[in-house]
Amino acid sequence: MESSLKDYLVGVCIGQGSFGTVYHGVHKETDRDVAIKLYDKTSLQKHPEWLNAVLTEQRVLRTLADCPFVATLLAAFHDDQFVYLVLELFQKGTLSHFLEQKPKMDDQTWLSHAVDVALGIAAAIETIHKNHVIHADLKPDNLLLTADSRKVVVIDFGSAILTSTVSEGSIHKNVFLRGTAEYAAPELIRGIFTPTRAVDVWSFGCLLHTLWTGISPFHADSEALILDKVVAHANGDLSSANFGATVPSTVLNLIRRLLDPDPEIRAVCDFDSVKPVLNSDEIKSLLPSMKPNSTFLRDREWAHESSRSTMKDGNLGWGVFI
C-alpha cells in the first residue's frame, strides 16, 4: 500500500531549508518518530533546479539505503500541493547546534568532543564516497549528531552527484550553490566543475578547522568577502585563509592538504590519514585524562514541544498546518 500524509501525525516545524520545510511526524501504525520534509509543487515548477534537487535526493537516498551514516528514506509521496519525503529522525540537532555549545565548555572538554565528531564526519564522507556519491554541499547544517558523538549522519543530498552516472572528465553544471559559501570548494563557486570527491575533501578541511576553533577558515562579514577569500586561496594566495593560531601544527598541516587549491591534488587525500593525526600523542596530550560524557547533546527543544497530544492528524490534509 502506498504511503500518504493520512498515515502520519504531524507536529512542529523542526527545520527550514533553501526550498523545503521539515516537520516532526509520527507514523500512526508503528508509532515511529519521523522527519517529514515537504516541498511546494508550485515552487518546484517555477524553479527546475529545485525539482532536480528533490529528485536527486530521492535517487541518492535510495542508493545509500544501507549506509549507517545517512538518514533512511522511509517513504516518498505527493498530493496536489506538495511532494513529501519521510526520513529517519535524529533528535540531537545539527553540527551548527553543537558549535553553539563551544563557549560553554572548557578547551579540553570541547576538543575531546570535537575530535570525536571530526572522526565521525571523516568516516561518514569516506563511506559515502565508497558508495559512488559526492555530496557537494557539506556544511554544519547538513550534519546531524547522534547519542554516539562518533557517529555523524549526513543529510540533504539535493546537490549530490552519483559518480556512477557521469563519465570521467565530464563537466557538471547542475550543482547550484545553496546557502553560505564558507564550506564550498572554489570549483563549486565557479559553477562548472569536473565531479570529483575533492569538493567534499575541501568541505571537510573547513569543517575540521571550524571544529577546532569555532570558526571556518574563510569566515568574513559578508558573502561577497567569503567568496573573495575562497577564490583568492584557490588562485594561490594562501594567506587569505584565517587559520587559527591555536591549531596544532599536525592538524594545521592536515587542514592545508585538505584545502589544497588544486582539486586533483586534493582529491587523492585519503580519509585514513585523518585518524593518525587526530589520534596522535600530540593531540591526546591536549585532551582530558577522563573522557567527558555527552550529556550536552540533549534533545532539541522541539522534541519536548511536539508531543503526541499536540500533533495534528495528517488525515485532515495539509491545510490544517498552514
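The numbers here are math on the coordinates, done by the rules we state, and not lab data. Note that this is a predicted model, so its numbers are computed, not measured. Quick reminder, even Gly has a Cβ in these numbers, built from the backbone with ideal geometry, and neighbours come from all protein chains shown.
If the chain between E88 and K312 were fully stretched, how many nm would it gain, using 0.36 nm times the residue separation less the Cα-Cα distance? Kindly include the intermediate steps, with their values, before the conclusion.
Values: separation 224, 0.36 × 224 = 80.64 nm, distance 1.94 nm.
Between E88 and K312, full extension yields an extra 78.7 nm.
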Ranked list, fewest to most other Cβ atoms within 10 Å of each Cβ, for C13, C67: C13, C67
Whole-Å distance, taken between Cα centres, linking region 13-29 and region 107-160: 21
Pairwise label distance in nanometres, R59 with L286, each label 7 Å out on the Cα-Cβ vector: 4.1
Leading residue at positive end of dipole, region 1-125 (Cβ point charges), from V115, V26, L85: L85
Residues in region 77-121 reached by a label modelled at T21 [backbone nitrogen below 19 Å; 7 Å Cα→Cβ]: 77-87
Mean-position separation - Cα centroids, region 41-63 and region 213-276, in angstrom: 31
Unit charges at the beta carbon, dipole of region 95-284: most positive-side option, I128, L225, V268: I128
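Give me the extension gain from L225 to L238: residue separation times 0.36 nm, minus the current Cα-Cα distance, reported in nm with one decimal. All intermediate terms of the calculation are to be shown ahead of the outcome.
On the way: separation 13, 0.36 × 13 = 4.68 nm, distance 1.53 nm.
Full extension of this stretch gives 3.2 nm more.
What is the packing order of peptides 284-292, 194-202, 43-51, 130-138, taking the mean over residues of other C-beta atoms within 10 Å and listing the highest first?
Numbers: 284-292: 11.6, 194-202: 24.0, 43-51: 14.1, 130-138: 21.9.
Top of the packing list down: 194-202, 130-138, 43-51, 284-292.
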Rounded to the nearest 20 debye, dipole of the chain from Cβ charges on Lys, Arg, Asp, Glu: 220
Options S249, V152, S239, ranked by Cα towards positive dipole end of region 95-284, top entry (Cβ charges): V152
